[in-house]
1. Please list, ordered by chain and number, the residues whose modelled amide H lies under 5 Å from the amide H of Glu5; skip anything fewer than 5 residues away on the same chain.
2. At most 16 other Cβ atoms within 10 Å and a DSSP loop assignment: could you name the GluC sites (Glu not before Pro) in region 201-270 that fit?
3. Out of the chymotrypsin sites (Phe, Trp or Tyr not before Pro) in region 198-280, which ones are loop residues according to DSSP with at most 15 other C-beta atoms within 10 Å?
4. So if R0 is 25 Å, what FRET efficiency would Asp30 and Ser216 give, r being the distance between their Cβ atoms, rounded to the nearest 0.05?
5. So which aspartates and glutamates can Lys168 reach, going by Cα to Cα under 12 Å and dropping same-chain residues fewer than 8 places off?
6. Counting other C-beta atoms within 10 Å, and keeping those with at most 11, which DSSP coil trypsin sites (Lys or Arg not before Pro) do you find in region 44-149?
7. Could you please rank His83, His129, placing first whichever residue has the fewest other Cβ atoms within 10 Å of its Cβ?
8. Using Cβ counts within 10 Å as a stand-in for footprinting exposure, how do Ile93, Ile115, Ile128, Ile57 rank, fewest first?
Amino acid sequence: MKELEAAKITEVVALLCKEANFELEDDVQDALEKAFEKEESPAGKEVLRQIVENSRIARSEQIPMCQDTGLAVIFAELGQDLHITGGDFETAINEGVKNGYTDGYLRKSSLADPIRGGNTGDNTPAVIHLTLVPGDRLKLWIVPKGGGSENMSRIAMMKPADGVEGIKKFVVDNIRAASGNPCPPVIVGIGIGGTFERCAQLAKKALLREIGSKHSDPFYADLEEELLGLVNDLGVGPMGFGGITTALAVHIEVAPRHIASFPVSMNLNCHAARHKYIEL
Ligand code: SF4
């Protein structure tokens, strides 16, 4: 059985927490630059110019692109033939988050108790979504998630009869109500199906997809494109200043559902759409 030292996991998580906050992935950077070229509203265009410049400065000076450096969300796929040695998986991840946020001088946003507060002091615990898969590799997605866009996320237990039209209304109504609060242009992650909690997780996972990629099922690929058009027709624009760029992408993830349930969720990522991926 292949072995992987827990210390190695800690090391890469620490590095990627910093990198994610300093360097946008190329697909996000390209999408923002293209949106700047195309934006018609003068105020929206100026906002996009500042967003692009801000991300370039963050990359070149290795400083966070936003003051909200996020809660650390980790998606992990662990091969069942991989043996982690010298420590346990969850501790290794949290040590990495702690080291990365401390060494990188990233803001610690994690409260130990949701009502009574008390900062944990090191941005742990991470929110970890772990899946056991065939093979002997560990795949990690490090996703620092800001509060502003997370707060505009929604879930609805719709009636099955609401169908596709219900989904469109849910998305459009909620993006209109969110306005500039999630720091647009946003990436819209949509989860359809599953149970209540599975549906919410699908919407978050949808944010990991590369901008410009399409759903593998043409039916959902078409729906993604239609929803993107509807959202951008709202005119919310960059940071809510008006314009044709409210969203850079709409990504849908689906799962089988109960015949009586029709969960639909929306998780938003702001223009600081940070994520890093590594395979060990
Ligand atoms: S929503 Fe995003 S860009 Fe806005 S403050 Fe939060 S992390 Fe920063």
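Readers should treat all values here as calculations from the given coordinates under stated rules, not as data from a laboratory. Predicted model only: the values in this text are computed from it and were never measured. Here the Cβ is made from the backbone with ideal geometry for all residues, glycine too, and neighbour counts use every protein chain on show.
1. Correct list: Thr85.
2. Counting only loop positions with at most 16 other Cβ atoms within 10 Å, the GluC sites (Glu not before Pro) in region 201-270 are Glu210.
3. Qualifying residues, ordered by number: none.
4. Plugging the Cβ-Cβ distance into 1/(1 + (r/R0)^6) gives 0.70.
5. Excluding near neighbours in sequence, the set is Glu224, Glu225, Glu226.
6. For trypsin sites (Lys or Arg not before Pro) across region 44-149 that sit outside H, G, I, E and B with at most 11 neighbouring Cβ atoms in 10 Å, the list reads Arg116.
7. Listing His83, His129 from fewest to most nearby Cβ atoms yields His83, His129.
8. With the sparsest Cβ surroundings first, the list reads Ile115, Ile57, Ile128, Ile93.
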